[in-house]
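The values are calculated or read from the model by the stated rules, or taken from the named source; none is laboratory data. The structure presented is a predicted model; accordingly, all values stated were derived computationally and were not measured. All Cβ positions, even for glycine, are placed from backbone atoms using ideal geometry, and neighbour counts span all protein chains on display.
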Amino acid sequence: MTADPDTFERRAAAARERLRERGDDGLVLFPSRNLRYLADHGEEPAERHFLLFVPADGEPVFLVPELSGEQVREASWVTDVRTWGDAEDPVPRIADIAAELGMDAGHLLVDDTMWALFTQDLRTALPEATFGLASEVLGDLRVRKDDAELDAMERAAAVADETVRDLRELGDGAVGLTEAELAAEIEDSLERHGGTGVSFDTIVGAGPNGAKPHHHHSDREIRPGEPVVLDFGTRVDGYPSDQTRTLVFGGEPDEQVREVHEVVQEAQQAGVDAVEPGVTAAAVDAAAREVIEAADYGDEFIHRTGHGVGLDVHEAPYIVAGNERELEPGMVFSVEPGIYLPGEFGVRIEDLVVVTEDGCARLNHTDRGWEC
Ligand code: ZN
Ligand code: ZN
């Protein structure tokens, strides 16, 4: 199922309702995840002004470069698409459109990621307006995934699962490959199973490199019997997967690796078991952390337990101590505890979960053990 135009109109209607409730006058978006969320537009930001005005009352208006006009008209449900030419100054056009929509002297919420190049021009065009961040309104909408989003993320997770199966099948064949070569295998596999690109830089951390949580990959060769942290993702219909397995290729791991792997698996399970509506994000972090602390590895679990995943691969809710936000059905986030022993090895295990009415469901379904 790909999101139909109604999905985007429904999201925009919900956004406008929140704008009115808060007394804000409109949103101004540029090519961003927010634009993708409301208008199904996946353009990358560039130097030309490419803006969507969403007034609290009334229909949205695109102002886009002339050369993009036709594309936007075809792709988006927004029917009012205006263009500006390269030889034209877009700033007066911004002022005119904002005045027409009743947004010229109001409180406007601009994309959090909007380039200063464009926010400066908005200030110039609209000297009477005040500004806030679009996330103040869109954050609360985006944090609860709708059916189209869940469907895309389930398919992206299924692609990641297929790749884990491929890795296990590779087994001994991974020994002697460099981390970079194994990363390339992973990326090929993701594409082969229907993913588009990677949702973040693929992590292959063999042996001591696994003790650096954000190590990417290097020319180090995979050795038999050592744990390899494999953290990767792809996108389906714009939505990412994000999964980690720590596997041992071509041999038996030593006693400490087995022990640490077991502790991390238990911590991951405890985190997942804690997830249900009304529980705080901090409580999920604590549930996973307590298992690791009880095994005396608390100081070696050096990051939060997880992060929300949606159009952005890192977004709210963050599963971290101090985050008292209560979980709600439709939230999707990772549960990814790890133990990192510098100079020796690391183990991390990560699945995405979706909060349901009475608990949660994992999006990833492959075995979490080290065996290939
Ligand atoms: Zn990950
Ligand atoms: Zn993650």
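Data table
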{"item": "Test set (1) surrounded by 15 or more Cβ atoms within 10 Å (Cβ to Cβ); (2) part of a helix (DSSP H, G or I); (3) not small (Gly, Ala, Ser) - residue 299 fails condition number", "result": "(1)"}
{"item": "Unmet criterion (only one of (1) more than 21 Å from residue 42 (Cβ to Cβ); (2) outside any loop (DSSP other than H, G, I, E, B)) for residue 224", "result": "(2)"}
{"item": "Residues located in the range 84-121, provided they are of a type outside the set (A, V, I, L, M), more than 31 Å from the chain's Cα centre (by Cα) and over 15 Å from residue 30 (Cβ atoms)", "result": "85, 86, 88, 89, 92, 96, 100, 102, 104, 106"}
{"item": "Test: residue in the range 195-207 that is surrounded by fewer than 22 Cβ atoms within 10 Å (Cβ to Cβ), polar (S, T, N, Q) and closer than 22 Å to residue 333 by Cα", "result": "yes"}
{"item": "Tally, over the range 285-318, of residues that are under 23 Å from residue 34 (Cβ atoms) and among the aliphatic types (A, V, I, L, M)", "result": "4"}
{"item": "Residue satisfying condition, being at positive phi and either outside the structural domain of residue 353 (by TED's automatic domain parsing) or touching a Phe, Trp or Tyr at 6+ places or on another chain (Cβ under 7 Å) (or both), within set 233, 250, 225, 207", "result": "207"}
{"item": "Looking only at the range 182-221, and only at residues there that are among the hydrophobic types (A, V, I, L, M, F, W, C) and assigned to a helix (DSSP H, G or I), the one that is farthest from ligand 2 (Cβ to nearest atom)", "result": "184"}
{"item": "Qualifying positions in the range 228-251 - closer than 19 Å to residue 371 by Cα, within 16 Å of ligand 1 (Cβ to nearest atom) and surrounded by 24 or more Cβ atoms within 10 Å (Cβ to Cβ)", "result": "228, 229, 230, 231, 232, 243, 244, 245, 246"}
{"item": "Selection count, the range 1-43, where residues are in a helix (DSSP H, G or I) and hydroxyl-bearing (Ser, Thr, Tyr)", "result": "2"}
{"item": "Residue under evaluation residue 220, criteria (1) surrounded by fewer than 15 Cβ atoms within 10 Å (Cβ to Cβ); (2) of a type outside the set (Phe, Trp, Tyr); (3) closer than 22 Å to residue 346 by Cβ; (4) more than 23 Å from the chain's Cα centre (by Cα), criterion not met", "result": "(1)"}
{"item": "Among residues of the range 108-127, those that are touching a residue at least 12 places away in the same chain (Cβ under 8 Å) and within 22 Å of residue 33 (Cβ to Cβ), counted", "result": "13"}
{"item": "Residue list for the range 292-326, restricted to those being more than 14 Å from ligand 1 (Cβ to nearest atom) and in contact with an Asp or Glu (Cβ under 6 Å, 6 or more places away or on another chain)", "result": "320, 321"}
{"item": "Qualifying residue in the range 55-74 (condition: within 18 Å of residue 137 (Cα to Cα), crowded, with 17+ Cβ neighbours inside 10 Å and in contact (Cβ under 8 Å) with a residue 60 or more places away in the chain)", "result": "no"}
{"item": "Members of the range 280-296 that are out of contact with any strand residue (DSSP E or B) (no Cβ under 6 Å at 6 or more places or on another chain) and either part of a helix (DSSP H, G or I) or among the hydrophobic types (A, V, I, L, M, F, W, C) (or both)", "result": "282, 283, 286, 287, 288, 289, 290, 291, 292, 293, 294, 295"}
{"item": "Filter pass, residue 196 being hydroxyl-bearing (Ser, Thr, Tyr) and within 19 Å of the chain's Cα centre (by Cα)", "result": "yes"}
{"item": "The range 232-260 residues that are of a type in the set (Lys, Arg), paired with ones that are within 16 Å of ligand 2 (Cβ to nearest atom) (beta carbon under 6 Å, 6 or more apart)", "result": "235/199; 245/164; 245/230"}
